[in-house]
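Before any comments, here is the structure.
Quick note: the coordinates plus some simple rules give every number you see, no bench work behind them. Just so you know, these numbers come straight off a predicted model, no measurement behind them. Methodologically, a virtual Cβ is constructed for each residue, glycine included, from the backbone with ideal geometry; neighbour enumeration extends over all protein chains shown.
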Amino acid sequence: MLICNWKMYGDLQLVGLYKKNIPYSQNLIVCPMATLCSELKDTFKVGGQNCHQEKEGAFTGEISPLSLKEVGCEYVLLGHSERRKYFGETNELVIKKAVTAKECGLTPIICVGSNSEDIVQIKQDLIQQLPQDSSFIIAYEPTWAIGTNKIPSLDHIDQIMQWLANQGFSQKVYGGSVNSENAQDIHQLCQGLLIGRASLDIHSVLTIGKSLEIWN
Ligand code: PEP
């Protein structure tokens, strides 16, 4: 599984480049800004980057999970560290969003992470963020690895992925400074990768996708 988080980048030109250059794969999920989801949904599996914890209401400026579903999204990223940091999203709120999103027919991808590099501390941090429902996809993203070109050792990733498996989560994804060089090795340790900056570059998406064999 390769999840492309465009963040607040990307436009109709990037939509066109994706459509022209990247073949469909059921293992490729594109998460653009909500305004672009309907443009991509006929060509790729699409996910939102966030949604509200309620299905509808007087919440000006928010995005309903029902609406994401209606415009063709199958997935939604929730609790990305940028949402937690800049928008004050708490563990409780993220879980509530995930439950509502699932009720609306979306598959939530819950992003969890820690500032720490210490495995014991990381587990303590993650346990606060994990949902009860182990059917959710969990994206483990060390906050210090997002957007920095720093990645944990493979042993670190392996330990956390195995620990997540022991907590009952079978769908685990790694995110944080994945690129065409490190993607294959990291992917051996989990079920998928979440890419941010690399998802804005068609060549990187193609190279990473090939190394994950998403078109085989
Ligand atoms: C992300 O936004 O979740 C992410 C992993 O970003 P990057 O790949 O740029 O580190």
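A few comments on the model shown:
- The residue of the stretch 170-194 that is farthest from the ligand (Cβ to nearest atom), among those that are of a type in the set (A, V, I, L, M) and more than 11 Å from Met1 (Cα to Cα), is Leu189.
- Given (1) touching a strand residue (DSSP E or B) at 6+ places or on another chain (Cβ under 7 Å); (2) closer than 26 Å to Lys102 by Cβ, index of the condition Ser135 fails: (1)
- Matching residues, the stretch 195-207, being more than 10 Å from the ligand (Cβ to nearest atom) and aliphatic (A, V, I, L, M): Ile202, Val205, Leu206
- Selection over the stretch 137-154 of residues that are touching a helix residue (DSSP H, G or I) at 6+ places or on another chain (Cβ under 6 Å) and aromatic (Phe, Trp, Tyr) gives a count of 1.
- Helices (runs of 4 or more DSSP H) contained in the stretch 25-121 and holding at least 2 residues within 16 Å of the ligand (Cβ to nearest atom) and within 26 Å of Leu12 (Cα to Cα): 81-86
- The stretch 149-169 - residue that is among the hydrophobic types (A, V, I, L, M, F, W, C) and within 14 Å of the ligand (Cβ to nearest atom) and, of those, surrounded by the most Cβ atoms within 10 Å (Cβ to Cβ): Ile157
- Unique residue being polar (S, T, N, Q) and closer than 24 Å to Leu212 by Cα when the list is Gln121, Gln129, Gln159: Gln159
- Test: residue in the stretch 31-45 that is among the acidic types (Asp, Glu), touching an Asp or Glu at 6+ places or on another chain (Cβ under 9 Å) and more than 14 Å from Leu194 (Cα to Cα): no
- All of Ile202, Ile127, Ile195, Ile146 fail the test of being surrounded by fewer than 18 Cβ atoms within 10 Å (Cβ to Cβ) and either touching a residue at least 60 places away in the same chain (Cβ under 8 Å) or among the basic types (Lys, Arg) (or both), apart from Ile202.
- Checklist (1) outside any helix (DSSP H, G or I); (2) over 30 Å from Val15 (Cβ atoms); (3) among the hydrophobic types (A, V, I, L, M, F, W, C) applied to Ala139, failing item: (2)
- Applying a threshold of 6 Å to beta carbon distances and a minimum spacing of six or more residues, or different chains, the list of pairs starting in the stretch 166-190 at a residue that is under 27 Å from Ser135 (Cβ atoms) and ending at one that is within 13 Å of the ligand (Cβ to nearest atom) and among the small types (Gly, Ala, Ser) reads Val173/Ala139; Val173/Gly192; Gly175/Ala139; Gly176/Ala145.
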